[in-house]
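Q: Below is a structure I'd like to ask you about.
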């Protein structure tokens, strides 16, 4: 499909229409971390239940990544993201009205399905409608929008909770989703349906099998599932319960801690995006940055486990900050393939990240409950779960090094 570069004013409008939808997606992704004490109390949830509930979003999200690539290419961002957001609207209303854990879980999965196009749709559109030198900037700013969504799910939610309650909060978010759909329909350009020779001959596009048997892609599969998935599991869920149940924070202190974590990440993504090209120009490839930088996060996580109740928001922030080196993996995956396979490669790695987040959110909760069932304290349960996560992350990193030892 030929590029059609939008005029500057229209491009800005399109960006903000997409950004609003992605902001709501990230708000819904992380809000369970702040509301976990409320859900635990009201629905009498165990740690595994809480992990499964938060992970339901990622299960729904991950299930749509493979078909989403085909749908976006065929129907375009406007039709797909607005249609999918209707599912998110239904899921959010259903969540607000749920009276049982199963109702919450099904609604959470629907929300994940519904918002699954909120990033891939903009990236698909930017590739056609934005000038090449503006695409990297737009992509970086979408990461900042994600951090803003995470930020809004912390202290603002905690402060509104006594006044609105969590049900009315989700009702309000569902209204914002409807506004987002209207904005998408009003301002996103129609997709050019002219036939593209490469789309008519799928053999020229390659297949997902070509991606999954690639040596570099194989080397990052465990890293996507465990390192990246575990990082997101902690950032979007388990950081809050750790601060409350291990470090002894109040819910308000925990929300404030989550707020500081996400505002730190917002600034960090901005600075990282600014300096990364300069670091690369000094001869540090993505592979080298990952090899040298990622072990720092292992040391920080080990420190958290050893300190236990003394490891509060500062150490959790330090762990997430030191894991920023993982952000070079996804672009490296895209660059490891020819352009006709890059989309499939990125979608496949996205699938790994969100499937891994679902697995790790649930798995951490299962380990906590298992340790408690043997008569140990909840603090020991958390430390054990984080230790297993550290072991899986370290093993994945070693696997990555072995496969890429000649690189």
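Q: Just the residues that are within 19 Å of residue 331 (Cα to Cα) and without any contact (Cβ under 8 Å) to a residue 40 or more places away in the chain, please, taken from the range 254-278.
A: If the condition is that a residue be within 19 Å of residue 331 (Cα to Cα) and without any contact (Cβ under 8 Å) to a residue 40 or more places away in the chain, then 271, 274, 275, 277, 278 are the ones that fit.
Q: State whether one or more residues within the range 10-20 are surrounded by fewer than 22 Cβ atoms within 10 Å (Cβ to Cβ), free of Cβ contacts under 8 Å to residues at least 60 places away in the same chain and within 19 Å of residue 239 (Cβ to Cβ).
A: no
Q: Condition test on residue 77, is it without any contact (Cβ under 8 Å) to a residue 12 or more places away in the chain, in the same structural domain as residue 175 (by TED's automatic domain parsing) and farther than 30 Å from residue 249 by Cβ?
A: So residue 77 fails the test.
Q: If the Cβ limit is 8 Å and pairs must be 6+ apart or interchain, which residue in the range 358-387 that is under 23 Å from residue 224 (Cα atoms) and assigned by TED's automatic domain parsing to the domain that holds residue 36 pairs with which residue that is in a helix (DSSP H, G or I) and at pLDDT 95 or above?
A: none
Every residue, every condition in (1) surrounded by fewer than 17 Cβ atoms within 10 Å (Cβ to Cβ); (2) closer than 21 Å to residue 25 by Cα; (3) modelled with pLDDT of 85 or more, yes or no:
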{"residue": "119", "(1), (2), (3)": "no, yes, yes"}
{"residue": "140", "(1), (2), (3)": "yes, yes, no"}
{"residue": "146", "(1), (2), (3)": "no, yes, yes"}
{"residue": "153", "(1), (2), (3)": "no, yes, yes"}
{"residue": "175", "(1), (2), (3)": "yes, yes, yes"}
{"residue": "185", "(1), (2), (3)": "yes, yes, yes"}
{"residue": "202", "(1), (2), (3)": "yes, no, no"}
{"residue": "213", "(1), (2), (3)": "yes, no, yes"}
{"residue": "221", "(1), (2), (3)": "no, no, yes"}
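The values are calculated or read from the model by the stated rules, or taken from the named source; none is laboratory data. Everything numeric in this text was worked out from a predicted model, so none of it was measured. Here Cβ is always computed from backbone atoms with ideal geometry, including for glycine, and neighbour counts include all displayed protein chains.
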